[in-house]
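Report on one structure; see the data block that follows.
Computed from the coordinates by the stated procedures, all read-outs in this text should not be read as laboratory data. The structure displayed is predicted, hence computed values, not measured ones.
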Amino acid sequence: MQVEVPCPKCGKTRMNFPRPQPLDSDIITCYHCDFELGTYGTIKRKMALFMERLIQAKAKPVKKH
């Protein structure tokens, strides 16, 4: 799964990972401003919830008047 979360401080999506295969407990920081985005596990969970909401929104038919 590719993980992309915009930094709340600068808005960029590039991240620093402490190792090639990060663990869920690794702290992820913004590449540009070094803001701590959280642990890899929390970022993955946020992305999974976002993807679920997108899928549900696509499944809902849009009513046109």
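Angle of helix 40-59 to the longest C-alpha principal axis of the chain, folded into 0 to 90 degrees and rounded to 10: 10°. Amide H contacts under 5 Å for L37: I28, T29, C30, restricted to partners 5 or more places along the chain or on a different chain, H placed in the peptide plane at 1.01 Å from N.
Summarised in one figure, the compactness ratio Rg/Rh of the chain, Cα atoms and Kirkwood Rh, is 1.13.
Lys-Lys pairs in the chain that are eight or more residues apart or on separate chains and whose Cα atoms lie under 20 Å of each other come to 5.
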